[in-house]
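Everything below concerns the one structure shown next.
The values are calculated or read from the model by the stated rules, or taken from the named source; none is laboratory data. All values derive from a computational prediction rather than experimental measurement. Using ideal geometry, Cβ is built from the backbone for each residue, glycine included, and neighbour counts are taken over all protein chains shown. Accessible surface is based on the protein model in full, side chains and every heavy atom, while ligands, DNA and RNA are left aside. Shrake-Rupley method; radii C 1.70, N 1.55, O 1.52, S 1.80 Å.
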Amino acid sequence: MNTLLSFLVIFSVLVFVHEWGHLYFAQKAGILCREFAIGMGPKLFSFKRDETIYTVRLLPIGGFVRMAGEDPEQVSIKPGYEVGLVLDAQDKVTKIYVNNKSKHPEAQVVQVERIDLERELVIEAFNDEDELMTYQVHERADIIEDEMPNQIAPYDRQFGSKSVGKRSMAIFAGPLMNFVLAFFLFVIVAAIQGLPTPEVAAVAEGSGAEEAGIEQGDVIQSINGEDVSTWRQVTSIIEDHPNSTITVGLERDGQMIQLDANTISVDLGPEQIGQLGVGPVIKQDFGAAILEGFIKPYEVVISIFKTLGTIITGQFSLDYIAGPVGIYNITGEAASLGILTLINFAAMLSMNLGIVNLLPIPAMDGGRLVFLGYEAVRGKPVDPQKEGMIQFVGFAFLMLLMIVVTWNDISKLFM
């Protein structure tokens, strides 16, 4: 139950922050956002606030913001249709009933001759006296079919009407918010847990450090002649020297000494790293915690791209990535280690979500940004049918990849 609760909370927060980024910047650009959804599939519940319907859906595999103009309008009214019109005090149409007109006696039934709900916002129609009338339509009027309202989207409220810059920002904002969230989560963990320093707190029994004579209380000053002032520098150099002899410069009781120590090699996925067998003293420093909020995301990005680089070198393995089942299992392991470990895992997952979404893959935010970049250079957008086909192929590829990764995750449970 703890694992399930932790997984749902982390998933919900990460997706909410990501989609909220899209929503906020889209609304700032003046784009009508019809729906803000957490999850996919059937709706569990929903409510409407201002112009947007907020929904929670059954399947915890993502979310979306449905912007006007990205998909064809759900209701199409053509000349010859009979519709019911409700006017406000300024004689502007606020409701257009497509059917069930008899249930709304306040609606004036007319026969449409010409209708433009995108640019002119006008309806020309014959009234019950067979007179051709011209009706101005309110920019936030609703088209109602089967008692379900759907707000019209004038062209200046549609995604495609905005500049390339505004559209790009609305798309990029999702991953950006994941990076911002990761920054704050890393800062919280570092501020509460503290950060390691080059002072030795413990020496592992039987390790290269113990054999070399390194002791608790020693302060590491240099490795192989390279000065170090942070624990991150210490570990970076040691990890770069697996199965090697390194020279460690130490400060002990106010005196400088040098010791030669042997590292071991540890298999870490696509690479081998060195390990010496020393643990650091942990100290709390809020200024250092803020700096950690910038450094940790950078390290995660480098790690992700190293893993992606194994695809090119042929060293890639499905074990390097995880789908929903794998993430669920890792969440359980992180939760069992405490709330700070869980928060740190959530921060890393947020960074992964942001980076993966920026990859130039159709159906991902990165793929959409590629199309917008192409439009900026070319001066006009890609043909919608061609873009739609490419996006569909990209989506199909992602679904296939998710199935393969999920099967691999499930297989590992029985190994």
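Can you give the accessible area of residue 299, probe radius 1.4 Å, in Å² rounded to 10?
70
Per 10 Å bin from zero, what fraction in whole % of the C-alpha pairs of region 51-185 is there, up to the bin with the longest pair?
Cα pair-distance distribution for region 51-185, in percent: 10, 34, 27, 16, 9, 3, 0.
From Cα pairs below 8 angstrom and at least 6 apart in sequence, can you work out the relative contact order of region 26-94, rounded to a whole percent?
Working: 100 pairs, mean separation 19.2, N = 69.
Value for region 26-94: 28 percent.
Determine the share of region 1-126's accessible area contributed by carbon and sulfur atoms, expressed in whole percent, with a 1.4 angstrom probe.
Numbers: 3830 of 6860 Å².
So the carbon and sulfur contribution to the accessible surface is 56 percent.
Keeping the other protein chains in place, figure out the carbon and sulfur percent of the accessible area of region 324-403, with a 1.4 Å probe. Mind showing how you got there, number by number?
Details: 3320 of 4520 Å².
The nonpolar share, carbon plus sulfur, comes to 74 percent.
What is the ratio of the Cα radius of gyration of region 351-399 to 2.2 N^0.38 Å, with N the residue count, to two decimals?
Values: Rg = 11.3 Å, N = 49, 2.2 N^0.38 = 9.7 Å.
In units of the globular-protein estimate, region 351-399 measures up at 1.17.
Tell me, what is the per residue accessible area of region 210-276 in Å², probe radius 1.4 Å? It would help to have the intermediate numbers written out before the result.
Values: 3870 Å² over 67 residues.
Accessible surface, normalised per residue, equals 58 Å².
To check my understanding: the extent here is largest minus smallest coordinate of the Cα atoms along each principal axis. What are those three numbers for region 77-130, in Å, largest first?
30, 26, 21
Just to compare against my own numbers: the Cα pair-distance distribution for region 138-181, 10 Å bins, whole % per bin, please.
Percent of pairs per bin, in order: 24, 29, 28, 18, 1.
Over region 4-89, what number does the Rg to Rh ratio reach, with both radii from the alpha-carbon atoms and Rh per Kirkwood? If you can, show how the numbers build up before the last one.
Numbers: Rg = 16.4 Å, Rh = 14.9 Å.
With Rh from the inverse mean 1/r over Cα pairs, Rg/Rh is 1.10.
Under a GNM of the chain (C-alpha, springs under 10 Å), which listed residue has the highest mean-square fluctuation: 42, 198, 360?
Greatest mean-square fluctuation among the candidates belongs to 42.
Dipole magnitude of the chain about its Cα centre, charges +1 at Lys/Arg Cβ and -1 at Asp/Glu Cβ only, in debye to the nearest 20?
Details: 29 positive and 51 negative charges, 113 e Å.
Charge dipole of the chain: 540 debye, to the nearest 20.
Charges at C-beta only: +1 for Lys and Arg, -1 for Asp and Glu. How large is the resulting dipole of region 91-185 about its Cα centre, in Debye rounded to 20? Spell out each step's value before the answer.
On the way: 11 positive and 17 negative charges, 190 e Å.
So the magnitude is around 920 debye.
Test of understanding: express the Cα radius of gyration of region 50-93 as a ratio to 2.2 N^0.38 Å, with N the residue count. Don't skip to the answer; put the middle values down first.
Working: Rg = 16.6 Å, N = 44, 2.2 N^0.38 = 9.3 Å.
The reported ratio for this selection is 1.79.
About the Cα centre of region 326-415, how large is the charge dipole given +1 on each Lys and Arg Cβ and -1 on each Asp and Glu Cβ? Please answer in debye to the nearest 20.
Values: 5 positive and 6 negative charges, 35 e Å.
Charge dipole of region 326-415: 160 debye, to the nearest 20.
At 20 °C and 1.002 mPa s, what whole-number value in µm²/s does Stokes-Einstein give for the translational diffusion of region 231-371, with Rh from the Kirkwood sum over Cα pairs? Don't skip to the answer; put the middle values down first.
Numbers: Rh = 18.3 Å.
My calculation gives 117 µm²/s for D.
Hey, can you find the accessible area per residue of region 326-369 for me, probe 1.4 Å, expressed in square angstrom?
Values: 1820 Å² over 44 residues.
Solvent-accessible surface per residue comes out at 41 Å².
Say the dipole of the chain comes from +1 at the beta carbon of Lys and Arg and -1 at that of Asp and Glu; which of 185, 67, 12 then lies farthest toward its positive end?
It is 67.
When the Kirkwood radius is taken over all Cα pairs of region 319-415, what Stokes-Einstein diffusion coefficient follows at 20 °C and 1.002 mPa s, in µm²/s?
Working: Rh = 15.6 Å.
The Stokes-Einstein estimate is 137 µm²/s.
Considering only 105, 86, 55, whose Cα is most displaced toward the positive end of the charge dipole of region 10-107, charges sitting on Cβ of Lys, Arg (+1) and Asp, Glu (-1)?
Farthest towards the positive end: 55.
Rounded to the nearest whole Å², what accessible area per residue is found for region 17-176 with the 1.4 Å probe?
Details: 8430 Å² over 160 residues.
Here the residues of region 17-176 average 53 Å² of exposed surface.
Name the residue from 400, 360, 382 whose Cα lies farthest towards the positive end of the charge dipole of region 333-415, charges +1 on Cβ of Lys and Arg and -1 on Cβ of Asp and Glu.
382
Go ahead and estimate [θ] at 222 nm for the chain from helices alone: -39,500 (n - 2.57) per DSSP H run with n ≥ 4, summed, over the residue count, rounded to 500. Each step should come with its number before you reach the end.
Working: 9 runs with 176 residues, N = 415.
One gets -14500 deg cm²/dmol as the mean residue ellipticity at 222 nm.
Using the Kirkwood formula over every pair of different C-alpha atoms, what hydrodynamic radius in Å results for region 229-305?
Working: mean 1/r = 0.0688 Å⁻¹.
Evaluated on region 229-305, it is 14.5 Å.
Report the dimensions of region 40-115 along its three principal axes from the alpha-carbon atoms, largest first, rounded to Å.
Over region 40-115, Cα extents along the principal axes are 45, 24, 24 Å.
With a 1.4 Å probe and every protein chain kept in, tell me what percent of the accessible surface of region 164-296 is carbon plus sulfur.
Working: 3560 of 6790 Å².
C and S atoms contribute 52 percent here.
Go from 0 up to the bin containing the longest alpha carbon distance in the chain, width 20 Å each, and give me the % of pairs per bin.
All Cα pairs, binned at 20 Å, distribute as 20, 42, 25, 10, 3, 0 percent.
Roughly how compact is region 9-51, stated as its Cα Rg over 2.2 N^0.38 Å to two decimals? The partial results should precede the final answer.
Numbers: Rg = 11.3 Å, N = 43, 2.2 N^0.38 = 9.2 Å.
Ratio of Rg to 2.2 N^0.38 Å for region 9-51: 1.23.
Listed here are the pairs 166/296; 78/101; 48/95; 162/380; 43/78; which of them are more than 23 Å apart at the Cα? Could you put the intermediate results ahead of the total?
Details: 166/296 29 Å; 78/101 17 Å; 48/95 17 Å; 162/380 13 Å; 43/78 30 Å.
From the list (166/296; 78/101; 48/95; 162/380; 43/78), the Cα-Cα distance tops 23 Å for 166/296; 43/78.
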